[in-house]
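The next block holds one structure in the form of structure tokens; read it before the comments.
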Amino acid sequence: MKNWTKHTLITRWIAPALLAAGGLGSAHAADANANADVECPIKVGVLHSLSGTMAISESTLKDTALMLIKQQNEKGGLLGCDLEPVVVDPASDWPLFAEKARQLLAQEKVDVVFGTWTSVSRKSVLPVFEELNGLLFYPVQYEGEESSRNIVYTGAAPNQQAIPAVNYLMNQVGIERWVLLGTDYVYPRTTNKILEQYLKDQGVADSDIMVNYTPFGHSDWQSIVSRVKAFGSMGKPTAVVSTINGDANVPFYKELANQQISAADIPVVAFSVGEQELSGIDTDPLLGHLAAWNYFQSIDTPANERFIENWHEYTGDDDRVTNDPMEATYIGFNLWVKAVKKAGTTDVDTVIDTLPGLKVDNLTGGTAELLPNHHITKPVYIGEITDNGQFSVVWETDEEIPGDAWSDFLPDSKKLKADWVELDCGHYNTETEECSGQMSDMAEDEE
Amino acid sequence: MRHSNHGPVLTRMLGDTGSLIFVVVLIALTVAVPLCNVYLPEASALHVTDYTVALIGKYLTYALLAVAIDLIWGYCGILSLGHTAFFGLGGYAMGMYLMRQIGDRGVYGNPVLPDFMVFLDWEHLPWYWHGMDLFPFAMAMVVLVPGLLALVFGWLAFRSRVTGVYFAIITQAMTYALMLAFFRNEMGFGGNNGLTDFKDILGYELSADGIRNALFVASGVGLLLGFLIARFIVTSRLGRVLEAIRDAESRTRFTGYRVAYYKLWIFTVSAMLAGVAGALYVPQVGIINPSEFSPIASIEAVVWVAVGGRGTLYGAALGAGAVNFAKTWLTGAYPEIWPYALGILFVAVTLFLPKGIVGLVSQLRRRMRRKEPS
Amino acid sequence: MRTCTPRGTTAAAVLALLAVLALAPCALAQNNGQNEGQNTDSNASEATPATSESPAPANDATVESGRDAQASDEPGDTAEAQAGADGESEPGADTGEDEDSTEYAATIAELADASYPEKRDILNRLVANPNAHTPELLTAFADNRLVVRESDQRVFVAAEERDETYVLRDPITFEAAGKAATRDFEPVRTNVGLRGSIESGQAQLRLQAEDAETRLAAVETMTEKLDDAAADALRAHRPEENDDAVLEAIDRALAINDLNTGDNAAKLAAVERLSGDFNQMVYNRLNNILLLIPEDTEDRDQAQLRAAVAAEVERIDWWRGVYDQLETLFFGLSLGSILVLAGIGLAITFGVMGVINMAHGELIMLGAYTAFVMQQLLPGHVGLALVLAVPAAFVVSGLVGILIERSIVQWLYGRPLETLLATFGVSLFLQQLVRTVFTPLNRSVSAPEWMSGQLHFNDMFALTENRLVIVAFSLAVFAALILVMNRTSLGLKVRAVSQNRDMARAMGIRTQRLDALTFGLGSGVAGIAGVALSQLTNVGPNLGQAYIIDSFMVVVFGGVGNLWGTLVGGLSLGVLTKFLEPHTGAVLAKILMLIFLILFIQQRPRGLFPQKGRAAEGS
């Protein structure tokens, strides 16, 4: 809470007229120091679209968060308090995300928020979380190039998904020619830029890389698939790296099937297609196409089995699949619970300071550690689509890979570093040794 | 509703009870909300939280957009299903200014280029970004860009007498095309992410309480001025011509009026008002992205006007407030079922309140008056 | 286009064929060309588990106890097979009769702990030295049905049953080897590259088949993945071959191989042998020769070869251009026919009745969901369900349409812009209804067999069958609608009411009932469109939103109130977009189309086919 007496236009402007009322101000200021003790119930905000275009993906994460909260309450809650979910619907409307974030933090006074999916929704709420000093767990793979003190990124950064996938195709399948297909927005743009640089570093010629962007919800893939087919018929093994988003995937895969491009001809490795997306597609023609994730439902571990069982029980539907962002939500939730337990409070600043270095089990048998850059360590799996709408793992990394907030393959971000423990900075320039943008002590400076 | 054209301007404009009440309430709101936010203790029942200030501020800009739409639809019969295009352009002009204000505080620390350009390897600032760091210039663009688009588009459309549903559909095409264009990262407007992470305006930090209240007051004043301008127009002689066009376009034309020019003029004014609304909207919500151009958003804006009551101006503003308040409340309180409620609301308003909420008031009044004598 | 070469007649024939095919989609022959081998194969693989239903109970006990031992496994073991245990592995239980089979068994055992390159090597060794069950083994391998028992690293062929058990078979003899819990096994992983190798291995094995057609298919598969090993195998097989067709296929494959590896004379002969062959591999290799020989080569033989190759490449390029245009045209027609399908219902509700029906998209969506529900109701009958979904969707969407008309729209006639508001509300409502009933997730609608695949004209030109079916379907829907409007009394009355409502009523037409029926008709047609779209795109709550704007554009472009306008408008917008797209990219093409539309409406404010007469003046 910021002090109202700060030199503001309004105060200067109207204060003389309202000196009498001004006396009330001191009471207001005294209220500014938030009480660090825990107030029951602990409120957990859930900020996922339940209507509009993103509801397809996001509503599942709302259910996941609610399930985790319910389980935690059954285990006796947290610090002796029950967790109370506060669900709002930002309706796939980006400015509404900012409004709802403000509502959660300022009106509902939630202690933590699990939410957002698209980059733009995260960018939209980021200033709100920084201004009101909230804590957001972001559970989706994204383009990187960001590290905020108030956000914990439990999804994959490009080095935890894209680069291992390309490595696999290059070394294990022997791919020499690359088609980078993406929806025209920041995640595919960044990922493709990183990949292009990476491929060139590996000696792939410019003429062996084709990049194509399509608009959101693109539904007519005939021409593009036909071009991909032509590009792939030049005698070198060719693969498609797909960062096609959401709705456009189904017509894309259907067109692949129509034009009879099988995985043996031109394998497609996707970064945004998981079990849930597959549940809306007839997978028979897609057998063998690939996806790179940090989690697959098919991975056989006791933890995962339990998680899936709980999920089926919670949703009352044995056919509901689990997916990577669900695991990321699970990891994020457990990290937060652990941090709160360790800190003994839900106070955001304390929790943020407690979080880095904490480790929790992931669902695939490894551990996720929260790094100082607010990203986590993750294993990478490459899976091939099977006929039951699942993935069978064909390759995996030997160990967890630490998430990299600033890519080493982009000239302007190579020099940047995020470290909220030592440097207290999300974009520290290692050349000028300066920190630009947000710093954790910013709020205090203002007081 | 019609009043003499010959009285003093102010009486003419505010002679209508509804308008008068609206102006008084609006002024009261504009003054009271910031005061209640700053001077009342948080514990007080009348305290207005920061969240509410930002929220009402947003409604005020929506209301200005609704007034702009009502000006052409309610008074001249031009249904534009693409008015958020002008709103969005105004918003982008403001967003560009705010973006330039970030200066070297972006993550890559480039003093000139916004982060997304650094990231996409842009070497120079595109020509249309030049000058946007100057507040007066940017504010001129807020009005001029939407105005110019409206002028060109309207000139083409009205000259060849594109009317009614056809006009509505091509305005949809216009805003849809703009949305697709702004989605393109090559355009240099940040693509899908749009412009965001603004730091300050006119040297003051955006997230400061004072600035929030100042923006609120600016929105209130903007709406007030916009409303008064619209009232001035519709109560002038010109306004009568517009209504004549609305009611019988061919007849007006045959009487000797150059219908196309009247339409073009009012369409351009309306677009400029929408642009101003967009410019006020952006710093308060903190983001502008291409989804503002979406055809559905435009239809929603028309729905506000219809819900409030078409052809009254204050009804439009009221409708914008009411629908958006309902949306805010329902998406929080009933996240699972709010689209039902909103859908039913739209249907019910059309069927039972053909003149909108404002119509309901006069309907009730009429009924009461009718009852009294009997 | 250039004047016809002798081959130009093919193009005409193709066009004619297209037209014929468009009218009789169901009679299409399946494209069997390149995939035949694969098809037979997967049939065989389906048969295998079916015949293996009788397990040998003897082994059950041991296997079950193995499961208990495994149950204590901790999460740490996910490093899985390839991080793998020590390569030590016992050979199979069957002790070999002779040396060959021992070696064969040892080779299979190596699979338990091999990297992908090693697996490829193992595969080659198996194919080079096969036993009677090798084809079956490869099929199982490709289908990921080879598993390794964790306890003793033994390889089995497995068929998974519902209750998480495997029915096992011995990989060498294919005798039943009992049942076991899936938990005790790790799969022998395959990936795309490896499966490609398996496929050529299978083809190579089939070279020995009795049936000439199987051999032919095998040669064709091997030609697809032609490498030195495949060429050697073909060359070795050639003397034994007695079937002419197979011989010819082998010669072609060898010629293609010569283009890369042969000497000058062999290359020249190959160029002549392959003249007129549109195979992509031929084209690539010809281009490669052009790259290798400098244009001003001194060597006469080289120069001669280069000239021959250059002429051939030029010819192929010319045909390529022709077929590219044809393909783009087809893409355009297919996109256009979707626009027509989406718009045609609106052409009735909006065009004829003047209702701005914002819920049109949701009526399409309901049709698509009907297709989904029908497939759920008739599991296993994908095609039949889809066919039945057409009338069902008509009824569902039609009834919903009538409901909307009776409850809402009928009070709003003469106030078109208010119908916009009310139906916008309806559209929100229907979307959320679908979210509640079917969840917000996309639903999967399968494609029937006669809609998946390609109609193969030659190596350069193939049309996708489902697009052909949809083009034909949209034309059929259009024709039916025209018939209804022009040849039935319902159509007559609809037209009468739309032209002069009062007069029609005076003539005794029950306009209210008719309005409901007309709205129902338009809505029903939207539902039918939904069934078609379910084959191409997401079946989800947002389906309608994606098409509503395009639908309005098409109707307005064509001219409100004119069905023919919708047809011509939709098709031409589709074709135009597709011809723009290669030059501008998809986004810009769409933007340009919208700008074109705006300018067009400004030139012709009432669309392509303006409504004439009294009705036109009213609006």
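The values are calculated or read from the model by the stated rules, or taken from the named source; none is laboratory data. Keep in mind it's a predicted model, so treat the numbers as computed, not measured. Glycine also receives a Cβ, built like all others from the backbone with ideal geometry; neighbour counts cover every protein chain displayed. Note: areas computed on protein heavy atoms with side chains; ligands, DNA, RNA excluded. Shrake-Rupley method; radii C 1.70, N 1.55, O 1.52, S 1.80 Å.
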Net charge over other residues, Cβ less than 14 angstrom from the Cβ of C:ALA546 (K, R count +1; D, E count -1): -3
Give the Kirkwood hydrodynamic radius (Å, one decimal) of segment B:18-85, defined as one over the mean of 1/r across all pairs of different Cα atoms. 14.0 Å
About the Cα centre, charge dipole magnitude for segment C:452-608 (Lys/Arg +1, Asp/Glu -1 at Cβ), debye: 720 debye
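Just to be sure I understand: if you take the accessible area of chain B alone plus chain A alone and subtract the pair, with a 1.4 Å probe, what total do you get in Å², rounded to 100?
On the way: alone 18500 and 19360 Å², together 33040 Å².
Adding both sides of the contact gives about 4800 Å².
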Once amide hydrogens are built 1.01 Å from N within the peptide plane, the residues lying 5 or more places from A:LEU78 or on another chain with amide H under 5 Å from its amide H are A:LEU83
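Count neighbours as other Cβ atoms within 10 Å of each site's Cβ, and list the GluC sites (Glu not before Pro) in segment B:119-228 that are DSSP loop with at most 10 such neighbours.
Values: sites: B:GLU123, B:GLU186, B:GLU205; in loops: B:GLU123.
Those that pass, being in a loop and sparsely packed, are B:GLU123.
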Could you tell me the extents of segment A:328-438's C-alpha atoms along the three principal axes, largest first, rounded to whole Å? 52, 42, 21
Partnerless cysteines (no other Cys beta carbon under 4.7 Å) identified across chain A are none
If you find the alpha carbon centre of segment C:528-578 and of segment B:267-333, how far apart are they in angstrom? 29 Å
So, counting K/R as plus one and D/E as minus one, what does the shell of residues with Cβ under 14 Å around B:PRO339 add up to? -3
What is the pair-distance distribution P(r) of segment A:162-270, computed from all Cα-Cα distances in 5 Å bins starting at 0, with each bin given as a whole percent? 2, 13, 25, 26, 21, 11, 2
With unit charges on the beta carbons (Lys and Arg positive, Asp and Glu negative) and the dipole taken about the Cα centre of the protein assembly as shown, which residue among A:GLY182, B:VAL303, A:THR283 sits farthest to the positive side? B:VAL303
Return the sequence-ordered ³J(HN,Hα) values of segment A:354-366 in whole Hz as given by the Karplus equation 6.51 cos²θ - 1.76 cosθ + 1.60 applied to θ = phi - 60°, using x for Gly and Pro. 7, 4, x, x, 5, 10, 10, 6, 8, 8, 10, x, x
Which of the aspartates and glutamates could a cross-linker span from A:LYS70 if the Cα-Cα distance has to be under 16 Å and same-chain partners fewer than 8 positions apart are dropped? A:ASP82, A:GLU84, A:GLU309, A:GLU313
Please report, as a whole percent, how much of the solvent-accessible surface of the protein assembly as shown comes from carbon and sulfur atoms (probe radius 1.4 Å). 57 percent
Taking the Cα centre of each part, how many Å lie between segment C:241-285 and segment C:453-487? 37 Å
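Let me know the mean shielding of A:232-240 by other chains, meaning the per-residue number of their Cβ atoms within 10 Å of its Cβ. Intermediate values should be presented prior to the final figure.
Numbers: counts 1, 6, 6, 8, 1, 3, 0, 1, 0.
Average per residue, whole number: 3.
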If you wrap a convex hull around the Cα atoms of segment C:96-152, how much volume per residue is inside, in Å³? 87 Å³
Taking placed amide H atoms and a strict 5 Å upper bound, the residues 5 or more places from A:THR214 or on another chain that come that close are A:GLY182, A:THR183, A:ASP184
Mind listing the phi-derived Karplus ³J(HN,Hα) values for segment C:363-376, rounded to whole Hz, using 6.51, -1.76 and 1.60 with θ = phi - 60°, and x for any glycine or proline? 5, 4, 4, 4, x, 5, 5, 4, 4, 4, 5, 4, 5, 5
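With only Lys, Arg, Asp and Glu charged, each at its Cβ (+1 for the first two, -1 for the last two), find how big the charge dipole of chain A is about the Cα centre; round to the nearest 20 debye. Before the final figure, lay out each step's value.
Values: 31 positive and 66 negative charges, 144 e Å.
Computed charge dipole of chain A: roughly 700 debye.
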Using only alpha-carbon positions, what ratio does the radius of gyration of chain A give when scaled by 2.2 N^0.38 Å? 1.04
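Counting only DSSP beta bridges with both residues in the protein assembly as shown, what percent are antiparallel, rounded to the nearest 5? Before the final figure, lay out the partial values.
Working: 45 of 78 bridges.
The answer is about 60 percent antiparallel.
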Once all protein chains are kept in place, A:THR315 shows an accessible area at probe 1.4 Å, nearest 10 Å², of 40 Å²
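If Rh is defined by the Kirkwood formula over all Cα pairs and Rg also comes from Cα, what ratio Rg/Rh do you get for chain B? Mind showing how you got there, number by number?
Details: Rg = 21.4 Å, Rh = 21.7 Å.
Result: Rg/Rh = 0.99.
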Among all the aspartates and glutamates, which ones have a C-alpha under 15 Å from A:LYS378's C-alpha, if same-chain residues fewer than 8 places away are not counted? A:ASP324, A:GLU327, A:ASP361, A:GLU369, A:GLU396, A:ASP398, A:GLU399, A:GLU400, A:ASP404
Looking only at other chains, what is the average number of their beta-carbon atoms within 10 angstrom of each beta-carbon in A:359-365? 2
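Give the average over all directions of the projected area of the C-alpha convex hull of the protein assembly as shown, one decimal, in nm². Working shown, then result.
Working: hull surface 245.6 nm².
Hull-based average projected area comes out at 61.4 nm².
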Restricting the count to DSSP beta bridges whose residues both fall in chain A, what percent are antiparallel, rounded to a multiple of 5? 40 percent
Considering only protein heavy atoms, what is the solvent-accessible area of B:ARG240 at a probe of 1.4 Å, reported in Å² to the nearest 10? 100 Å²
Computed magnitude of the charge dipole of segment C:150-190 (debye, nearest 20; Cβ of K, R +1, Cβ of D, E -1): 100 debye
Calculate the length of the line joining the C-alpha centroid of segment A:258-296 to that of segment B:61-124, in whole Å. 38 Å
Counting Lys and Arg as +1 and Asp and Glu as -1 over every other residue whose Cβ sits under 12 Å from the Cβ of A:GLY274, the net charge comes to -4
For C:THR165, what residues show an amide H to amide H distance below 5 Å, using hydrogens built from the backbone and excluding near sequence neighbours? C:THR182
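Apply 1/(1 + (r/R0)^6) to the Cβ-Cβ distance of C:THR488 and C:THR297, taking R0 = 60 Å, and write down the FRET efficiency to the nearest 0.05. Can you show the working numbers first?
Working: r = 74 Å, r/R0 = 1.23.
That gives a FRET efficiency of 0.20.
Can you give the average number of partner chain beta-carbon atoms within 10 Å of each beta-carbon in peptide B:283-293, as a whole number? If you can, show how the numbers build up before the last one.
Numbers: counts 0, 3, 9, 12, 12, 2, 6, 4, 8, 3, 0.
Going residue by residue through B:283-293 and averaging, the value is 5.
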Set of lysines with alpha-carbon distance to A:LYS200 below 18 Å, sequence-local pairs under 8 removed: A:LYS236, A:LYS414
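Can you pull out the trypsin sites (Lys or Arg not before Pro) in segment C:520-613 that DSSP calls coil and that have at most 16 other Cβ atoms within 10 Å? Don't jump to the answer; show the numbers that get you there.
Details: sites: C:LYS578, C:LYS590, C:ARG606, C:LYS612; in loops: C:ARG606, C:LYS612.
Here the sparse-neighbourhood loop sites are C:LYS612.
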Starting from the eigenvalues of the Cα gyration tensor, five times each then square-rooted, give me the equivalent ellipsoid semi-axes of segment C:238-395, largest first, whole Å. 56, 24, 10
